[in-house]
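*Asks:* Attaching a single structure in structure tokens format; questions to follow.
The values are calculated or read from the model by the stated rules, or taken from the named source; none is laboratory data. What you see is a predicted model, and the numbers here were worked out from it, not measured in a lab. Quick reminder, even Gly has a Cβ in these numbers, built from the backbone with ideal geometry, and neighbours come from all protein chains shown.
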Number of protein chains: 2
Amino acid sequence: MPRPTPASPAGRAGAGRPRNGRPRSAAADAAILAATREALVELGWSRLTLGDVALRAGVAKTTLYRRWPGKNELVVDAVAELFDELELPDRGSLAADIEGVVLRFAAILARPEARSGLMAVVAESTLDDSLRERIRTSIVERQKRLVREGKSRAQRRGELPPDPDPEAADRSFDLIFDVVAGSVVHRSLVSAAPVDATWARDFTALLLAGLGSAPAR
Amino acid sequence: MPRPTPASPAGRAGAGRPRNGRPRSAAADAAILAATREALVELGWSRLTLGDVALRAGVAKTTLYRRWPGKNELVVDAVAELFDELELPDRGSLAADIEGVVLRFAAILARPEARSGLMAVVAESTLDDSLRERIRTSIVERQKRLVREGKSRAQRRGELPPDPDPEAADRSFDLIFDVVAGSVVHRSLVSAAPVDATWARDFTALLLAGLGSAPAR
DNA sequence: CCGGTTTCGCTACGCCTCGTAGCGTAACCA
DNA sequence: TGGTTACGCTACGAGGCGTAGCGAAACCGG
């Protein structure tokens, strides 16, 4: 009996692998994902074809279909790897931490393979629940972890008050995450304007002090 | 000599139309855009085909290609019409105005034809400058006008200080726009969580007072 | 009323991509 | 060595893309 479903192939979900038979080439996985990003840069989402990706990666097209159900899932995994480098170094203050993570996040979004791939899979996920779940675990949850860490770090420093109850803490946390990630994505992809040091400083000032205080630095 | 380019067809850019010959059917335009939205709901972006749209609209496929260069531009125009209803009623205070526009904006994004279409064309625009410009003039600029109006309204009320110089005013304005629009879009499409009254209130409180004040209401 | 002009519906076409099936071979394990 | 799985390759039907060509319809100026 072969594997019931093509299943999730990439290393991220390496669950029960049978001990018999020829193992899947890990090099092929890496080559396919790299080829996918390369094709995203040159062709964008709509003109990207799986046959072209297979050709670039030096594997057969059938190998590609054995590991990923389709174009959507492949691109999610290819883009997700870009976010592996996202970290949150401790810069001493909440303001500095926010500026730092904003600039790092924006640096990833500035790469064309992320620009053209990310929004496309989000669009597809509106009619595909399993794809949305894949995006959530592979990309979104990873970013969220950073915001959670930065918040509790600021609370240890005394820059933010402790949360009164866990329910309110969760809601406040989700809100902050959407504001930070959404603002950077919108600035970068929709407004198509650069997220540079000036913008990061202005954004941090707004997030910390709000509109009521002096909006201009 | 026929028209040099297929040109921008929809009513939005109705420039120099020749006075001779059979006029283009305005009813066909409306039917095509409505059919596009209907197909977006049922099929989403990737499975939407122009042949299917033509069939739904009751026009020939060639008619469709005579008016729009391709799928991208057609969907931009179809989605843009959804934002026509976006307004900013005066609710007496800056906080109430923000909550109102957030909820109205979210109501549009909750419609499946907007969800699946908007992100897709934004993704495509990363490699197509003319498409990005089309999105900017048809969709983004329209939203921006509302934020500009709300800001000056709040300044007349004395809720916000006047801007020191025009350059800082522009930068502050662009920032606010990206934060508001980006946060709502991210919450709605990426986090896939509802933008309800509670979220709108929490977001407004954060935007006005910042993280420094009490984050929980 | 009529000739010029443009749009429209329809059919047909070559090109490409999709996703799968089938086969022989290669790699790994007990 | 035999069993099992992955791989490369070829081939295929299905379907969308975007265009060309045709005759008919609609509108305008003379």
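*Asks:* Can you spot a residue in the range B:58-75 that is surrounded by 17 or more Cβ atoms within 10 Å (Cβ to Cβ) and among the small types (Gly, Ala, Ser)?
*Replies:* No, there is no match, as no residue in the range B:58-75 is surrounded by 17 or more Cβ atoms within 10 Å (Cβ to Cβ) and among the small types (Gly, Ala, Ser).
*Asks:* Same structure, new question: How many residues does the range B:43-85 contain that are acidic (Asp, Glu) and modelled with pLDDT of 95 or more?
*Replies:* Count: 4.
*Asks:* If you don't mind, another one. With respect to A:ALA30, is the statement that it is within 16 Å of DNA strand D (Cβ to nearest atom) and either under 29 Å from A:ARG201 (Cβ atoms) or of a type outside the set (Ser, Thr, Tyr) (or both) true?
*Replies:* Considered against the rule, which asks whether it is within 16 Å of DNA strand D (Cβ to nearest atom) and either under 29 Å from A:ARG201 (Cβ atoms) or of a type outside the set (Ser, Thr, Tyr) (or both), A:ALA30 comes out as yes.
*Asks:* List the residue pairs whose Cβ atoms are under 7 Å apart, where the first residue sits in the range B:53-78 and is at positive phi and part of a loop (DSSP other than H, G, I, E, B), the second is more than 11 Å from DNA strand D (Cβ to nearest atom) and of a type outside the set (Ser, Thr, Tyr), and the two are 6 or more positions apart or on different chains.
*Replies:* Going by the 7 Å Cβ cut-off, the qualifying pairs are B:GLY58/B:ALA31.
*Asks:* Keeping to the range A:172-188, report how many residues are over 18 Å from B:ALA106 (Cα atoms) and within 7 Å of another protein chain (Cβ to nearest Cβ).
*Replies:* Summing the residues that are over 18 Å from B:ALA106 (Cα atoms) and within 7 Å of another protein chain (Cβ to nearest Cβ) in the range A:172-188 gives 2.
*Asks:* Only residues that are modelled with pLDDT of 90 or more, surrounded by 13 or more Cβ atoms within 10 Å (Cβ to Cβ) and not small (Gly, Ala, Ser): list them for the range A:1-42, please.
*Replies:* Listed by number, the residues that qualify are A:ARG24, A:ASP29, A:ILE32, A:LEU33, A:THR36, A:ARG37, A:GLU38, A:LEU40, A:VAL41, A:GLU42.
Residue-wise test of (1) of a type in the set (Phe, Trp, Tyr); (2) more than 15 Å from the chain's Cα centre (by Cα); (3) at pLDDT 95 or above; (4) outside any loop (DSSP other than H, G, I, E, B).
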site: A:VAL122; (1), (2), (3), (4): no, no, yes, yes
site: A:ILE135; (1), (2), (3), (4): no, no, yes, yes
site: A:PRO161; (1), (2), (3), (4): no, yes, no, no
site: A:ASP178; (1), (2), (3), (4): no, no, yes, yes
site: A:PHE203; (1), (2), (3), (4): yes, yes, yes, yes
site: A:LEU208; (1), (2), (3), (4): no, yes, yes, yes
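*Asks:* Continuing with this model, one more query. Have a look at B:LEU88, B:LEU94, B:LEU131, B:LEU118 and point out the one that is modelled with pLDDT of 95 or more, touching a helix residue (DSSP H, G or I) at 6+ places or on another chain (Cβ under 7 Å) and surrounded by fewer than 21 Cβ atoms within 10 Å (Cβ to Cβ).
*Replies:* Just a single option satisfies the conditions, and that option is B:LEU131.
*Asks:* Considering only the range B:155-171, state which residues are in contact (Cβ under 8 Å) with a residue 40 or more places away in the chain and either at positive phi or surrounded by 19 or more Cβ atoms within 10 Å (Cβ to Cβ) (or both).
*Replies:* The answer is B:LEU160, and nothing else.
*Asks:* Could you tell me whether any residue of the range A:189-203 is within 7 Å of chain B (Cβ to nearest Cβ), hydroxyl-bearing (Ser, Thr, Tyr), free of Cβ contacts under 8 Å to residues at least 12 places away in the same chain and closer than 23 Å to B:ARG142 by Cα?
*Replies:* yes
*Asks:* Moving on. Could you list, ordered by first residue, the pairs with Cβ atoms under 6 Å in which the first is in the range A:175-187 and under 14 Å from A:VAL101 (Cβ atoms) and the second is basic (Lys, Arg), at least 6 apart or interchain?
*Replies:* Here the result reads A:PHE177/A:LYS144, each pair linking the range A:175-187 to a residue that is basic (Lys, Arg).
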